[in-house]
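These notes are about the structure you will find just below.
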Amino acid sequence: MFTLTITKNPIQFLFQIQFPIPLSLSYFPICSIPKRIHFMAPPSKNNSLNCHCSSASTTPNQPSLLVFSGGTAFNGVVEELKKLTTRVAHVLPVSDDGGSTAEIVRVLGGPAVGDIRSRCLRLSDQSTSEALAVRTLLGHRLPIEEQKAKFEWYDIVEGKHSLWIGVSKPYRETIRTFLAYFQDQILRRSEESFCFSNGSIENFFFAGARIFFQSLDAAIFLFSRVSDIPAESLVLPVISTNDRLTLGCELWDGTIIRGQNQISHPTNGSIGAINKSNSLVPALASRIKRIFYMSSEGCNLLHEVFPTVNPVVLEQLRTVDCIIFAMGSLFTSICPSLVLLGIGELISSRSCPKVLLLNGTHDRESSGFTASHFVTAISDALNRTYGDPQNCLENTPSQYINTVFAPKGGQIPVDVDCLAAQGIIHVVTVDSVHDSEGGFFFDPKSLIQSLGNMLT
């Protein structure tokens, strides 16, 4: 039995709410979830959502990991990682402002959930035909052509689309409720015309649940139950917020760039699939000095803001067996989770393995970087070296990273002498795979085997 502990009792609110759309009581979302849930309201001042499983963990001997990553690069090894352990806390940024996420934030506001959505989908159950049907439905993207996208969306939200085949009534009612609620919220913004092109159904589900509960944590919990993500696998937004957050960066030449997309892969308004290949985007005027958060309004250093880290992330950092800085966009996927107050302090205090998974290919953010440059960038972010002088740390790189995994044949030079000068002498070369576009990536099986060997 699961116990859901809530202080701002949204469940009581759900019983009282008058839906602005014609949904029968059978569409009440929580009661439709095919897992037994018990609700209680404790005498606590904490507004966070806490999910407790009443049965003991079934994986006590598995190593526990915390992974800092974005929503794309690490996805390729998530399935293989389950064979080593499911006790993984996935820490993800909430500053993605591309694709259908950007359209949701533009019209409805709130944090960007694209990276969280992507990881949740990869962690979802695939063991039954219904689980695969649910995963296929939520993983679906609408057509690029706007009119076709809108018509297909209507078919889905009305329950007429073939994607619903194989999804039982409890799941169907649960998912449709929040898709319909999302649609209702869009219609209420009559001054804004929502574009469904290339839209992610899972993004729409997340947005509907987040707005309904007024809680990103509740939306993640709901999706975890709907898609049967292992209870010991956590998907954690690094900042638990219901507000919009904008990423900014300062280049070494003093230039300020606003927005994750503009930093990493400017798209000029394109809504198609994003390709982060270094050869397809213009180079930055100079290297990135630091990453920070900005107010939704304004585009200079005076508009810097300092959000608070999700306390659950800090709790996990205190106890996990291994901390991993995953491959991905260095400054826009990894560093946004590292610059927050409290992260550097905790990581430097731990004596566990702290592993950097080196990228296999350069991108716009890391053009010309060597392995030691990656280490320096991560250390600077955790030390908040170029931020408020009163909040800076002076820890050495080896207090944050003690092991580097590099894909065999990768484009990033592994400068072992420079790494040794930083105090990092443990470098592991892992078999890689080579894609058609010239990139090198960790072979998932070899990577997880190497992690397992290190941890055991």
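The values are calculated or read from the model by the stated rules, or taken from the named source; none is laboratory data. The shown structure was predicted, so the numbers you read here are calculated from the model rather than taken from an experiment. Neighbour counts are summed over all protein chains in view; Cβ atoms, including those assigned to glycine, are modelled from backbone coordinates with ideal geometry. For accessibility, only protein heavy atoms count, side chains too; no ligands or nucleic acids. Shrake-Rupley method; radii C 1.70, N 1.55, O 1.52, S 1.80 Å.
Some observations on this one:
- Sorting 80-89, 198-207 by their mean Cβ neighbour count within 10 Å, with the most densely packed peptide first, gives 198-207, 80-89.
- Span from the the range 198-220 Cα centroid across to the the range 391-456 one, whole angstrom: 35
- FRET efficiency estimate (nearest 0.05) - Cβ-Cβ, residue 140 to residue 426, R0 45 angstrom: 0.60
- Shape class of the range 354-418 from the alpha-carbon gyration tensor: prolate, with a/c at 1.5 or above and a/b greater than b/c.
- Near the amide H of residue 239, within less than 5 Å, lie the amide hydrogens of 94, 310, all on another chain or at least 5 residues away, with H placed in the peptide plane.
- Residue 387 sits among other residues whose Cβ lies under 12 Å from its own Cβ, and their net charge, with Lys and Arg +1 and Asp and Glu -1, is -1.
- Rounded to whole Hz, the Karplus (6.51, -1.76, 1.60) HN-Hα couplings of the range 374-384, x for glycine and proline: 4, 4, 4, 4, 5, 5, 4, 5, 5, 7, 6
- Distance from the C-alpha centroid of the range 124-157 to that of the range 294-356: 33 Å, rounded to the whole angstrom.
- Residues whose placed amide H lies under 5 Å from that of residue 428, excluding near-sequence neighbours: 404, 405, 406
- Heavy-atom accessible area per residue - the range 109-204, 1.4 Å, Å²: 41
- A simple spin-label model places pseudo-atoms 7 Å from Cα toward Cβ; at residue 190 and residue 417 they are separated by 7.1 nm.
- In this structure, the amide hydrogen of residue 144, modeled 1.01 Å from its nitrogen in the peptide plane, lies closer than 5 angstrom to those of 198, counting only residues at least 5 positions away or on a different chain.
- Anisotropy class of the range 330-456 from Cα gyration tensor, a/c 1.5 cut: prolate
- Most tightly packed first, judged by the mean number of other beta-carbon atoms within 10 Å of their residues, the peptides 179-189, 120-130, 355-365 read 355-365, 179-189, 120-130.
- Gyration tensor verdict on the range 399-453 (Cα atoms; rounded if a/c is under 1.5, prolate if a/b is larger than b/c, oblate otherwise): oblate
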